[in-house]
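See below for the structure under consideration.
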Amino acid sequence: MNDDGDRSVSTEAFVTHRNLLFTVAYELLGSAVDAEDVLQETWLQWADVDPGAVRDQRAFLVTIVTRQAIRRLRTLGRRRESYVGPWLPEPLLTAPDVADAIELADNLSMAMLLVLETLAPIERAVFVLREVFDMPYAEIASAVAKSRTAVRQIAHRARAHVAARRPHGAGSAADARRALEAFQRAVETGDLQGLLDILAPEVVFLGDGGGVKQAAPRPIVGADRVARVLCGGTGWMGGRTSAEPAHVNGWPALIIRLDDEIDGVVAVRIDDGLVTGLYYVRNPHKLAHLHREAALEHRPAAISCADRDPCRSGVSPKPRSAFGPRA
């Protein structure tokens, strides 16, 4: 095959698996921007490979993206140690159907990504590839350069670690919509009692300004404290500020706009009709991609890749069964 033919085959293979590759990178890094960079690096490396010599193109691409993401994660981990205030993942816009896919929404959630931050890079990669994407141990072993036995042991440890820390939400999508509407209404009107009615007693508020924008310097816990902060001068609501309902990382959310520009995103964790967690991202470096990215969708039947460059995303993770059987 000539060079043009090889490039066409390489591009087709990359586009076919790009949805998976982006989501693997995002789950490992908690950053859409860094996930895009990893996709770019993966594409450049893949473009130099003869696709005809690769037996399993998906496994090969996952290996590249995983190794690139692990290297980047080690660098990011050092930076996050000196981060100003609480660190939160970059918010990722998701379509409502992601929230309906409970397992997918749970794995993409802010709370779950914060739990994954407590794993070492290799542990995180093994957990994500196995538990989120249902990949065979043989593929994972190749991706992280470990033996199958070692990968099984790492997976067991990581699974236990995550199980002890991961949140377990409850409630229907209808309950979540009603709770978000009540929360938005109370915040917009400064209704302290309305907030106390919708906030769970042990609600946790986390704010991420990254030292660039004003945000709570440490977690705020308890309905009374959180309600008074929301009603007492956070600057959310005013004549120039508005809130727009959305879905972020599989959760209900509010996009806060100041003079029509995105000023922050609040992901709202809702359990049994009450708000149990508020994840408020104001760091402008984590919001820039929201201006240009389409919402990530969950489409079991088909994935749309139209009008996208091979190394760009804004894409749709497939359901677990689409990644192939376990081995």
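A short reminder: the numbers here are calculations on the coordinates, not readings from a lab. Since the structure is predicted, the reported quantities are computational estimates derived from the model, not experimental observations. Glycine gets a Cβ as well: all are built from the backbone with ideal geometry, and neighbour counts include every protein chain shown.
Magnitude of the Cβ-charge dipole of region 17-133, K/R +1 and D/E -1, about the Cα centre, nearest 20 debye? Each step should come with its number before you reach the end.
Working: 12 positive and 17 negative charges, 97 e Å.
Computed charge dipole of region 17-133: roughly 460 debye.
Simple spin-label model, 7 Å along Cα-to-Cβ: Gln45 to Val229 in nm?
For Gln45 paired with Val229, the spin-label model returns 3.9 nm.
Only Cα pairs under 8 Å and at least 6 apart count here; give the relative contact order of region 133-217 as a rounded whole percent. Spell out each step's value before the answer.
Numbers: 27 pairs, mean separation 10.1, N = 85.
Computed over region 133-217, the figure is 12 percent.
What FRET efficiency would be calculated for the residue pair Arg78, Asp260, taking the C-beta separation as r and a Förster radius of 56 Å, to the nearest 0.05? Intermediate values should be presented prior to the final figure.
On the way: r = 37 Å, r/R0 = 0.66.
The pair Arg78/Asp260 has a calculated efficiency of 0.95.
Do you know the relative contact order of region 20-95, to the nearest whole percent, from alpha carbon pairs under 8 angstrom that are 6+ apart? Could you put the intermediate results ahead of the total?
On the way: 50 pairs, mean separation 30.6, N = 76.
Relative contact order comes out at 40 percent.
What order do you get for Lys286, Lys213 when you list them from fewest to most C-beta neighbours inside 10 Å? Provide the component values of the computation, followed by the final result.
On the way: Lys286 24, Lys213 18.
Ordered by Cβ neighbours within 10 Å, fewest first: Lys213, Lys286.
Once a ≥ b ≥ c are taken as the square roots of the eigenvalues of the Cα gyration tensor of region 173-286, is the result rounded (a/c under 1.5), prolate (a/b larger than b/c) or oblate (a/b not larger than b/c)? Mind showing how you got there, number by number?
Numbers: a/c = 1.37, a/b = 1.28, b/c = 1.07.
Here region 173-286 falls in the rounded category.
Which residues in region 247-281 place their backbone N less than 11 Å from a point set 7 Å from the Cα of His168 along the Cα-to-Cβ direction?
Counting only backbone N, you get no residues.
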